[in-house]
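The values are calculated or read from the model by the stated rules, or taken from the named source; none is laboratory data. Since the model is a prediction, treat every value here as computed from it, not as a measurement. Cβ placement follows ideal geometry from the backbone for every residue including glycine, while neighbour counts extend to all protein chains displayed.
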Amino acid sequence: MYSPAVIEHFTNPRNVGYIEDATVAIQYGEPSCGDCLLVFLKIEEDTVREMKYKVLGCAAAIATASITSEMVTGRTVDEALELTEEQVAKALGGLPPDKMHCSNLAVGALKAALRVYLSRLEQAAEENS
Ligand code: FES
């Protein structure tokens, strides 16, 4: 049984879509079920200004992507990296035990995108040194 917050985010997901001029965009999959997410981040001045996504997955995957996009907006990159699956699930009023892995999809995609961003910064710094 899903919480009212999960149902609300699933039926009215926030920030669905693409960012044309995204700072970073990646595809990320959850190996345990095959669901996947395209995630787009707009990062300016070390802060996540916007997260958009397209998700191919279950109701919990859609709800967790939706609330993750809200929770990460306005965080610095370091703060965004501290976001956990447990925090996302808690913000949704919890997830059924067999759906906890669904919160990994959005948070995992977010962190993978942030790592791509940071590795590009490191590479650019090395090239300029
Ligand atoms: Fe795969 Fe939910 S069943 S993310």
Report task. Report yes if some residue within the stretch 21-30 is within 16 Å of the ligand (Cβ to nearest atom), assigned to a loop (DSSP other than H, G, I, E, B) and surrounded by 16 or more Cβ atoms within 10 Å (Cβ to Cβ); otherwise report no. Result -> yes
Query raised in the report: Got a number for residues in the stretch 89-101 being surrounded by 17 or more Cβ atoms within 10 Å (Cβ to Cβ) and more than 13 Å from Ser3 (Cβ to Cβ)?
Result: 1
Query raised in the report: With the stretch 47-129 as the region, which helices (runs of 4 or more DSSP H) entirely inside it contain at least 3 residues that are under 21 Å from Glu8 (Cβ atoms) and touching an Asp or Glu at 6+ places or on another chain (Cβ under 6 Å)?
Result: 102-128
Query - All positions within the stretch 31-46 that are of a type in the set (Lys, Arg) and either assigned to a helix (DSSP H, G or I) or within 16 Å of the ligand (Cβ to nearest atom) (or both) - result: none
Report summary line: Here the qualifying pairs (Cβ atoms under 7 Å; residues six or more apart or on different chains; first in the stretch 94-113 and near the ligand (Cβ under 10 Å from one of its atoms); second of a type in the set (S, T, N, Q) and not in a loop (DSSP other than H, G, I, E, B)) come out as Leu95/Ser103; Cys102/Thr64; Ser103/Thr64; Leu105/Thr64; Ala106/Thr64; Ala106/Thr68
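Take Glu86 and tell me if it is over 21 Å from Arg120 (Cα atoms), surrounded by fewer than 18 Cβ atoms within 10 Å (Cβ to Cβ) and touching a residue at least 40 places away in the same chain (Cβ under 8 Å). Steps first, please.
On the way: over 21 Å from Arg120 (Cα atoms): yes; surrounded by fewer than 18 Cβ atoms within 10 Å (Cβ to Cβ): yes; touching a residue at least 40 places away in the same chain (Cβ under 8 Å): no.
Against the criterion (over 21 Å from Arg120 (Cα atoms), surrounded by fewer than 18 Cβ atoms within 10 Å (Cβ to Cβ) and touching a residue at least 40 places away in the same chain (Cβ under 8 Å)), Glu86 does not qualify.
Yes or no: Ile67 β-branched (Val, Ile, Thr) and more than 24 Å from Glu122 (Cα to Cα)? Even if it seems obvious, please write down each step before you answer.
On the way: β-branched (Val, Ile, Thr): yes; more than 24 Å from Glu122 (Cα to Cα): yes.
Judged against the criteria, Ile67 is a match.
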Query - Some residue of the stretch 70-87 being modelled with pLDDT of 95 or more, in contact with a helix residue (DSSP H, G or I) (Cβ under 7 Å, 6 or more places away or on another chain) and within 16 Å of the ligand (Cβ to nearest atom) - result: no
Query raised in the report: Hey, among Thr64, Thr47, which residue is β-branched (Val, Ile, Thr) and under 14 Å from the mean Cα position of the chain (by Cα)?
Result: Thr64
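So if I check each of Ala63, Ala106, which one is out of contact with any Lys or Arg (no Cβ under 8 Å at 6 or more places or on another chain), crowded, with 16+ Cβ neighbours inside 10 Å and modelled with pLDDT of 95 or more? So that I can check it myself, show each step before the final result.
On the way: Ala106 fails: modelled with pLDDT of 95 or more.
Selected residue: Ala63, the only one of Ala63, Ala106 that is out of contact with any Lys or Arg (no Cβ under 8 Å at 6 or more places or on another chain), crowded, with 16+ Cβ neighbours inside 10 Å and modelled with pLDDT of 95 or more.
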Report task. Output yes when any residue across the stretch 1-9 is among the β-branched types (Val, Ile, Thr), away from the ligand (no atom under 16 Å from the Cβ) and not in a loop (DSSP other than H, G, I, E, B), and no when none is. Result -> no
